[in-house]
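Everything below concerns the one structure shown next.
The values are calculated or read from the model by the stated rules, or taken from the named source; none is laboratory data. Because the structure is predicted, anything quoted here is derived from the model rather than measured. Positions of Cβ are generated from backbone atoms using ideal geometry, with glycine treated the same way; all protein chains shown enter the neighbour counts. Side chains included, ligands, DNA and RNA excluded: accessible areas come from the protein's heavy atoms. Shrake-Rupley method; radii C 1.70, N 1.55, O 1.52, S 1.80 Å.
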Amino acid sequence: MIAFSSLANPAVFLRLTQRVLPWLGAASALLSGLGLYLVFFVSPADYQQGETVKIMYIHVPAAWLAMFAYMVMTSASLGVLVWRHPLADAAQKTAATLGAAFTFICLVTGSLWGKPMWGTYWVWDARLTSMLILFLLYLGLIALRQTMEDSPRGARIAAIMTLVGFVDIPIIKFSVDWWNTLHQPASVLRAGGPTIAAAMLWPLLIMALGATALFLALHLMAIRNEILRRRVARLTLQAAAAGEEGGAAELLEPAQ
Amino acid sequence: MTRKGKRLALISGALAVLAIAVGLVLFALRDNIVFFYSPAELAQKRVAPGTRLRIGGLVKEGSVQRGDDRNVAFTVTDRTADLSVTYKGLLPDLFREGQGVVVDGTLGADGAFRADSVLAKHDERYMPREVADSLKKQGVWQGEGTKK
């Protein structure tokens, strides 16, 4: 909590993240590189799916990160509404684009995987539909942010919408258990342990760690940009206000 | 209670109400959210002939009969009830006896199911072929895909 409150200061945040970012970037590159090597040269083909199973190593981390990004947004929204944390709003706003990107990757790779295995690109079963709803939630939250100016009120509205959308996350996770779906049940995060052979589980986990490091790095960079963008906007306003005496006449009278 | 505590309590309360509301809606719609019925559920429901539905289950071992011109007949089972299915068209690669499938089509008056599409369903287990083979050899194999 102490580290959290010192991060509340944007200047401290900028300084800290500048030091952390190269390490996160390197971790992401190393883990993803190692993961891809394991996926293509080490991990075995599946007994049923053959080589097609390799789509899993992109699809599953993307799906996890799509939901993780929403959980980050939900925590940030609580930070906006309850603690009025000055950086929570920037974190909430910037995670939406990343979450949408990961959800899109998940939907596209899932579709490409579904055609050869199931025989269809898309079905309206509970898992696929709830994931599509998550994508639409992200797009809606991005659009909501585009229509509102930077204001405490806009931040609160976006935070409330984010919290409302959170109900979709448990629905995505448990859709395969609650209803009959074409999508198979969970293989890794399930009671009774993973049902993936170790030779396939390790590359998957390494790919997932690489994707998580990538998300964190991109998210921190996006928050930094948001802080700087707001600073520029504030300075521009101040400069405009200060220059009013001298420059107002020029601004008001159109050049002939 | 502090201001922060009050805000947190208000948000938690609102979210709890929302979760209950969504839960009730999903519970009420459970019949429409399921992607398919099992043959046993179909037998209980007494569906009128000609209704479009999706039935999911395993392809019964030894039931697949391939006719000419891509015609195929097989039985979908959930180990409780059976449903005979006819289909004309290409089958997915994973289609085989013992495999999970979801068939989409209409129930005829004779109780046979005419499928317009056949989707393959696989379970949550992933393993190399050698592991699957050795499990089968040891006789500890469970579930679908028992026959290739």
- So, in region B:100-125, of the ones that are within 15 Å of the chain's Cα centre (by Cα) and modelled with pLDDT under 90, which residue ends up nearest to A:M117 (Cα to Cα)? B:H122
- Query: Looking only at helices (runs of 4 or more DSSP H) that fall completely inside region A:118-215, which ones have 2 or more residues that are over 19 Å from B:A19 (Cα atoms)?
  - Reply: A:126-147, A:152-165
- Item | Complete set of residues in region A:84-106 that are among the β-branched types (V, I, T) and open to solvent by 50 Å² or more (accessible area, probe 1.4 Å) | A:T97, A:I105
- Query: What is the one condition in (1) touching a residue at least 24 places away in the same chain (Cβ under 8 Å); (2) surrounded by fewer than 18 Cβ atoms within 10 Å (Cβ to Cβ) that A:L81 does not satisfy?
  - Reply: (2)
- Query: Looking at this structure, is B:A132 under 19 Å from B:T75 (Cα atoms) and out of contact with any Lys or Arg (no Cβ under 6 Å at 6 or more places or on another chain)?
  - Reply: no
- Query: Restricting attention to region A:22-42, does a residue exist that is out of contact with any strand residue (DSSP E or B) (no Cβ under 7 Å at 6 or more places or on another chain), farther than 30 Å from A:S175 by Cα and among the polar types (S, T, N, Q)?
  - Reply: yes
- Being more than 9 Å from chain A (Cβ to nearest Cβ), assigned to a loop (DSSP other than H, G, I, E, B) and surrounded by fewer than 18 Cβ atoms within 10 Å (Cβ to Cβ), is that true of even one residue in region B:111-121? yes
- Subset of region B:81-103 [farther than 21 Å from B:L42 by Cβ and within 12 Å of another protein chain (Cβ to nearest Cβ)]: B:G89, B:L90, B:L91, B:P92, B:D93, B:L94, B:R96
- Considering A:A158, A:A143, A:A233, A:A213, which residue is more than 14 Å from chain B (Cβ to nearest Cβ) and touching a Lys or Arg at 6+ places or on another chain (Cβ under 9 Å)? A:A158
- Message: Can you find, within region B:86-110, the residue that is surrounded by the fewest Cβ atoms within 10 Å (Cβ to Cβ) among those that are small (G, A, S) and in contact (Cβ under 8 Å) with a residue 40 or more places away in the chain?
- Response: B:A109
- Do the conditions hold for B:V140, that is, is it buried (at least 18 other Cβ atoms within 10 Å of the Cβ) and either of a type outside the set (S, T, N, Q) or in a strand (DSSP E or B) (or both)? no
- Task: Could you check B:T51 against (1) in contact (Cβ under 8 Å) with a residue 24 or more places away in the chain; (2) of a type in the set (S, T, Y); (3) not assigned by TED's automatic domain parsing to the domain that holds B:H122 and say which number it fails?
- Result: (3)
- Query: Among the residues of region A:107-122, is there at least one that is open to solvent by less than 20 Å² (accessible area, probe 1.4 Å), under 30 Å from A:M148 (Cα atoms) and more than 11 Å from chain B (Cβ to nearest Cβ)?
  - Reply: no
- For region B:14-65, enumerate the residues that are surrounded by fewer than 18 Cβ atoms within 10 Å (Cβ to Cβ), among the small types (G, A, S) and farther than 18 Å from A:T129 by Cα. B:A14, B:A16, B:A19, B:A21, B:A40, B:A43, B:A48, B:G50, B:G62, B:S63
- From the residues in region B:126-136 that are within 7 Å of chain A (Cβ to nearest Cβ) and open to solvent by 50 Å² or more (accessible area, probe 1.4 Å), which one is farthest from A:T120 (Cα to Cα)? B:V131
- Message: Going by what's in this entry, would B:F74 be described as more than 9 Å from every other protein chain (Cβ to nearest Cβ) and of a type in the set (F, W, Y)?
- Response: yes
- Message: Going residue by residue through region B:72-85, is there one that turns out to be under 30 Å from A:Y47 (Cβ atoms), open to solvent by 70 Å² or more (accessible area, probe 1.4 Å) and either more than 16 Å from the chain's Cα centre (by Cα) or among the hydroxyl-bearing types (S, T, Y) (or both)?
- Response: yes
